[in-house]
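The values are calculated or read from the model by the stated rules, or taken from the named source; none is laboratory data. Only a predicted model underlies this, so the values are computations on that prediction, with no experimental measurement involved. Glycine also receives a Cβ, built like all others from the backbone with ideal geometry; neighbour counts cover every protein chain displayed.
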Amino acid sequence: MTKSKKILNKKNISLFNSVNNQILTVFGLITILCILCDFYIESSNLLIPFLITTLISTGITSLGISKLKKIKLKQIIREEGPKNHFIKQGTPTMGGIFFITLGVLISNILYFNQDNYKVIIILSFLTIFFMFIGMIDDLLSFKKQFNTGLSSNQKLILQLVISLIFIVICASNNLLPNTIQIGNKLINIGILIYPLGIFVLLAESNSTNLTDGLDGLLSGCSAIIFTGLAITILLKDPSNNQTLAPLCIVMSGACMGFLFLNKYPAKLFMGDSGSLAIGASLGGIALISNNLWSLLIIGGIFAAESVSVIIQVSIFKISKRLKGKGHKLFLMTPLHHHFELQGNNETQIVGIFWLITLSLVIINLMFFVKP
């Protein structure tokens, strides 16, 4: 073995160990948060559902890899993306159908016939149908052998239809509050909650879709955010210990189990079937629990990814119209690609984004912890 190969192997082993340490740290921190929550919050029961779902999700997702390989459903890398991503070409994708479905099933099984069980059913409808939209997009992408399946307009129309149905169902069951809570203040917005609700579902699902660009980035951030949302819900209203909080922690466990296989170098990608469903689920839970402001805080990474794309496109179009040549603020968007092209290691970017997300969760919880 040549000296250069030995150095390369040592670097790969070091990187692999670093990623494993990051994963175990995230898993450990979520576990500790669940333990503290169960100990200090009356009737809280987060730890066991989280551990059970994580374990089953890892097993189911592992089995799913061979199934996806068998039907040759593999990731197609966009040509305009970072060149170092072409090594990911051929990795099985559409893993979202496994861990999303699992999260929904476990939620319904564990909390069947509990108080307000209809909330679980309604949110399950939202999550599964957004997963189906993602599936269609993934399958069309595979059929076309191109990184885009549905057109932007087609995807948006389908998302809009499902979001509208969800809002109507929630409204007819008195599940949508007509206020927004910011800290300790309640702002009454009346019927504006309906268009706002649709906007939140569209924005959140597309934000998570944009964030899913590096190994483990979305799955890790999502596990942390779902946990943060679960604890926020319990701190605000412990009566939600039978529905919304458990649903959040089960989805966190589903994402965590997937993360063990989605970490760098990823053995499996979630595809749009996973990313769209995650965003819709988070948006739906935040709407019903009146935690839109909290979701905006703890989902700051998702917001930053979306805003970076909006800014980039706007500046390019405006400068092209004014000067005849488009200019860019970022090297590439979404934001994580900008940092990649600056020469940063993929695993470092992912780790920092996880850390930022965890910090945002803690900042948000500080508003609800009573002295």
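Structure notes:
- Total residues in the range 218-271 satisfying the condition of being touching a Phe, Trp or Tyr at 6+ places or on another chain (Cβ under 6 Å) and more than 23 Å from residue 120 (Cα to Cα): the figure is 1.
- Flag if residue 193 is crowded, with 16+ Cβ neighbours inside 10 Å, out of contact with any His (no Cβ under 6 Å at 6 or more places or on another chain) and farther than 13 Å from residue 280 by Cα: yes
- The range 102-118 residues that are on the phi > 0 side of the Ramachandran plot, paired with ones that are among the polar types (S, T, N, Q) (beta carbon under 6 Å, 6 or more apart): 116/243
- Scan of the range 355-371 for residues that are of a type outside the set (Val, Ile, Thr) and surrounded by 15 or more Cβ atoms within 10 Å (Cβ to Cβ), ordered by number: 358, 360, 364, 365, 367, 368
- The one condition in (1) of a type in the set (A, V, I, L, M); (2) farther than 14 Å from residue 33 by Cα; (3) at pLDDT 95 or above that residue 268 fails to fulfil: (3)
- Among the residues making up the range 162-196, those that are polar (S, T, N, Q) and either part of a loop (DSSP other than H, G, I, E, B) or more than 14 Å from residue 290 (Cα to Cα) (or both) are 163, 172, 173, 174, 178, 184.
- Scan of the range 330-354 for residues that are under 22 Å from residue 206 (Cα atoms) and surrounded by fewer than 15 Cβ atoms within 10 Å (Cβ to Cβ), ordered by number: 331, 352
Here's the yes/no breakdown for (1) under 26 Å from residue 28 (Cβ atoms); (2) without any contact (Cβ under 8 Å) to a residue 24 or more places away in the chain; (3) surrounded by fewer than 24 Cβ atoms within 10 Å (Cβ to Cβ):
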| site | (1), (2), (3) |
| --- | --- |
| 205 | no, no, no |
| 208 | yes, no, no |
| 216 | yes, no, no |
| 256 | yes, no, no |
| 266 | yes, no, yes |
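- Elements of type helices (runs of 4 or more DSSP H) in the range 285-363, at least 1 residues being under 24 Å from residue 186 (Cβ atoms): 292-298, 300-323
- The range 278-323, residues that are in contact with a strand residue (DSSP E or B) (Cβ under 9 Å, 6 or more places away or on another chain) and hydroxyl-bearing (Ser, Thr, Tyr): 294
- Residue tally, condition loosely packed, with under 14 Cβ neighbours inside 10 Å and either touching a helix residue (DSSP H, G or I) at 6+ places or on another chain (Cβ under 9 Å) or of a type outside the set (S, T, N, Q) (or both), over the range 299-325: 10
- Residue match in the range 136-146 (condition: in contact (Cβ under 8 Å) with a residue 60 or more places away in the chain, more than 22 Å from residue 258 (Cβ to Cβ) and over 23 Å from the mean Cα position of the chain (by Cα)): yes
- Just one of (1) at pLDDT below 85; (2) crowded, with 16+ Cβ neighbours inside 10 Å fails for residue 3. It is (2).
- Matching residues in the range 39-50 - criterion: being crowded, with 16+ Cβ neighbours inside 10 Å and either modelled with pLDDT of 90 or more or over 18 Å from residue 107 (Cβ atoms) (or both): 41, 46, 47, 49, 50
- Close pairs (8 angstrom Cβ cut-off, 6 or more residues apart or separate chains): more than 30 Å from residue 33 (Cα to Cα) in the range 47-76, polar (S, T, N, Q) and part of a helix (DSSP H, G or I) anywhere: 76/141
- Yes/no for residue 318 being among the aliphatic types (A, V, I, L, M) and without any contact (Cβ under 8 Å) to a residue 40 or more places away in the chain: yes
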